[in-house]
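**Q** Have a look at the structure that comes next, please.
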Amino acid sequence: MTEQKADTTRLQRFARAYCESAVLFAAIDLELFTHIAHGADTEQELSRAMGITALNVERMVAVALAMGLIEWDGKTLCNAPDTARFLVKGEPRYAADWLMFTRPSVPEWFRLTEHLKRKEAPVTLGMYEDLTVEEARKYHAATYSIGVGAGKRFSRLVDLSKRRKLLDLGGGSGAYSISAVQTFPKLRAVVLDLPPVTEVTKEYLRLNGVEDRVTTLPGDFTKTAFPNDVDAVVMASNLPIYDDEVIQLVVSKVHAALLPGGEFHLVGEMINDDRRGPLDAALWGMNEAICHSGGKTHTIAQCIGYFKQAGFAKISDEVFVPGTLHRVTGLKAG
Ligand SMILES: C[S@@+](CC[C@H](N)C(=O)[O-])C[C@H]1O[C@@H](n2cnc3c(N)ncnc32)[C@H](O)[C@@H]1O
């Protein structure tokens, strides 16, 4: 067998991957997908709708087609299934807030080397240190635009019909709790998050008409005492913000607070035990270098270890969102 000689193709791709982010951001700014959905399906019409020259439309269409963001039948253009669902303004699942959320971090990512050379002790709460209500509102407009789908998926996959009270740790907009109480009529929920955030959580609870069934608990889940009447706990999408020690502490606090027979679901950006991915989960860990927190990526086996150490009896795990989120579940002995 002849050995394949290494070439530079993939290295070149990585070296210029930022161009793809920039094209996506510009396409969202110019509302490319919204205009196409509203009937501007030729380059000429797009030039008029987006207010840019024919030459620049040609450039944009060439890249968007190559990235698979739009499709072309030789005559007219249409959106790809994901851009049609998530990037057309006015559609219920419009997720531009989330997709643009990390854009302000671009300059810091290009200073990653300097960030990695820092030696000072990390700040405990990373990007959440000194968060204002206004910043929390902006942040959770972004997490809500994607969290609604994740919350619905959680309620589809996890049967909480026999549970009475769910504790949602770092629940943000409350997306998981809102969907859970809407799915399971007997369930109540409490969202624990930092004080500026719970102000915003209340707005989403009102928006969804569930403020009578979901309450908020302002606090820090590493320090605040958990309610002692909960039979289900979820913690979603904040795993990489913390190191092993903090996650172990929180998982142990959950075990201690849960009623006997209760369940805990840790939904997080975990990497596989062979550490070959998912890349997205590893990158969220790297993001913490920029936030200067003590956080990092955790493997699935490490997360299972936190549950074992805390004393959970029955532990299982499964992919939650392929390529990004994994779910580890533990039951407290009855
Ligand atoms: C990426 S958001 C996830 C929100 C929600 N779980 C979801 O999936 O839509 C992470 C949340 O964790 C919260 N958080 C981080 N550290 C926290 C802490 N120590 N105590 C309470 N909340 C915390 C943040 O304020 C933020 O709302």
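The values are calculated or read from the model by the stated rules, or taken from the named source; none is laboratory data. Please read all numbers here as calculations on a predicted model, not as lab measurements. Glycine gets a Cβ as well: all are built from the backbone with ideal geometry, and neighbour counts include every protein chain shown. Areas reflect the complete protein model, heavy atoms only, side chains present, ligands, DNA and RNA absent. Shrake-Rupley method; radii C 1.70, N 1.55, O 1.52, S 1.80 Å.
**Q** Name, by its number, the condition in (1) touching a Ser or Thr at 6+ places or on another chain (Cβ under 8 Å); (2) without any contact (Cβ under 8 Å) to a residue 40 or more places away in the chain; (3) in a strand (DSSP E or B) that does not hold for A282.
**A** For A282, the failing item is (3).
**Q** Could you go through region 197-214 and let me know if any residue there is within 9 Å of the ligand (Cβ to nearest atom) and closer than 18 Å to V254 by Cβ.
**A** No, because not a single residue in region 197-214 is within 9 Å of the ligand (Cβ to nearest atom) and closer than 18 Å to V254 by Cβ.
**Q** In region 71-107, how many residues are in a loop (DSSP other than H, G, I, E, B) and either touching a Lys or Arg at 6+ places or on another chain (Cβ under 8 Å) or over 13 Å from I36 (Cα atoms) (or both)? Explain how you work it out, then say what you get.
**A** Step one: filter region 71-107 for residues in a loop (DSSP other than H, G, I, E, B), giving 73-76, 80, 87-95, 102.
With either touching a Lys or Arg at 6+ places or on another chain (Cβ under 8 Å) or over 13 Å from I36 (Cα atoms) (or both) added as a condition, the list becomes 73-75, 90-95, 102.
Final tally of qualifying residues: 10.
**Q** Condition first: modelled with pLDDT under 95 and surrounded by 14 or more Cβ atoms within 10 Å (Cβ to Cβ). Now tell me which residues in region 103-123 satisfy that.
**A** Scanning region 103-123 gives P122, V123.
**Q** Among the residues in region 283-290, are any surrounded by 13 or more Cβ atoms within 10 Å (Cβ to Cβ), over 27 Å from A121 (Cα atoms) and in the same structural domain as V148 (by TED's automatic domain parsing)?
**A** Looking only at region 283-290, we keep the residues that are surrounded by 13 or more Cβ atoms within 10 Å (Cβ to Cβ), and these are 283-290.
Going one step further and asking which of them are over 27 Å from A121 (Cα atoms), we end up with none.
No, region 283-290 contains no residue that is surrounded by 13 or more Cβ atoms within 10 Å (Cβ to Cβ), over 27 Å from A121 (Cα atoms) and in the same structural domain as V148 (by TED's automatic domain parsing).
**Q** When the residues of region 9-48 are narrowed to those that are of a type in the set (A, V, I, L, M, F, W, C) and out of contact with any helix residue (DSSP H, G or I) (no Cβ under 9 Å at 6 or more places or on another chain), which ends up least open to solvent (accessible area, probe 1.4 Å)?
**A** Of all residues in region 9-48, those of a type in the set (A, V, I, L, M, F, W, C) come to 11, 14-15, 17, 19, 22-28, 30, 32-33, 36-37, 40, 46.
Checking the rest, the ones that are also out of contact with any helix residue (DSSP H, G or I) (no Cβ under 9 Å at 6 or more places or on another chain) come to 11, 14-15, 17.
Numbers: L11: 100, F14: 128, A15: 66, A17: 39 Å².
By that ranking, first place goes to A17.
**Q** Right, another one. Quick one: how many residues across region 124-138 are near the ligand (Cβ under 8 Å from one of its atoms) and at pLDDT 95 or above?
**A** Residues flagged as near the ligand (Cβ under 8 Å from one of its atoms) and at pLDDT 95 or above within region 124-138 amount to 1.
**Q** Out of S177, S161, S173, S155, which single residue is in contact with a Lys or Arg (Cβ under 8 Å, 6 or more places away or on another chain) and either within 9 Å of the ligand (Cβ to nearest atom) or open to solvent by less than 70 Å² (accessible area, probe 1.4 Å) (or both)?
**A** S161
**Q** Among the residues of region 283-293, is any away from the ligand (no atom under 16 Å from the Cβ) and either more than 28 Å from L131 (Cα to Cα) or in contact with a Pro (Cβ under 8 Å, 6 or more places away or on another chain) (or both)? Lay out the reasoning, then the answer.
**A** First pass over region 283-293, keeping only residues away from the ligand (no atom under 16 Å from the Cβ): 289.
Then drop every residue that is not either more than 28 Å from L131 (Cα to Cα) or in contact with a Pro (Cβ under 8 Å, 6 or more places away or on another chain) (or both), which leaves none.
No - not one qualifying residue is present in region 283-293.
**Q** Also, I was wondering about something else. For region 221-236, enumerate the residues that are within 13 Å of the ligand (Cβ to nearest atom) and surrounded by 22 or more Cβ atoms within 10 Å (Cβ to Cβ).
**A** As a first pass, look at region 221-236 and keep what is within 13 Å of the ligand (Cβ to nearest atom): 221-226, 233-236.
Across region 221-236, the qualifying residues are F221, V233, V234, M235, A236.
**Q** Now, a different point. Just checking, does region 246-265 include any residue being assigned to a helix (DSSP H, G or I), of a type in the set (D, E, K, R) and under 14 Å from L169 (Cβ atoms)?
**A** Going through region 246-265, the residues assigned to a helix (DSSP H, G or I) turn out to be 246-257.
Within this subset, residues satisfying the condition of being of a type in the set (D, E, K, R) are 253.
Pick out the ones that are also under 14 Å from L169 (Cβ atoms) and you get 253.
Checked region 246-265: at least one residue is assigned to a helix (DSSP H, G or I), of a type in the set (D, E, K, R) and under 14 Å from L169 (Cβ atoms).
**Q** Are any of the residues in region 256-271 out of contact with any Gly (no Cβ under 7 Å at 6 or more places or on another chain) and of a type in the set (F, W, Y)?
**A** no
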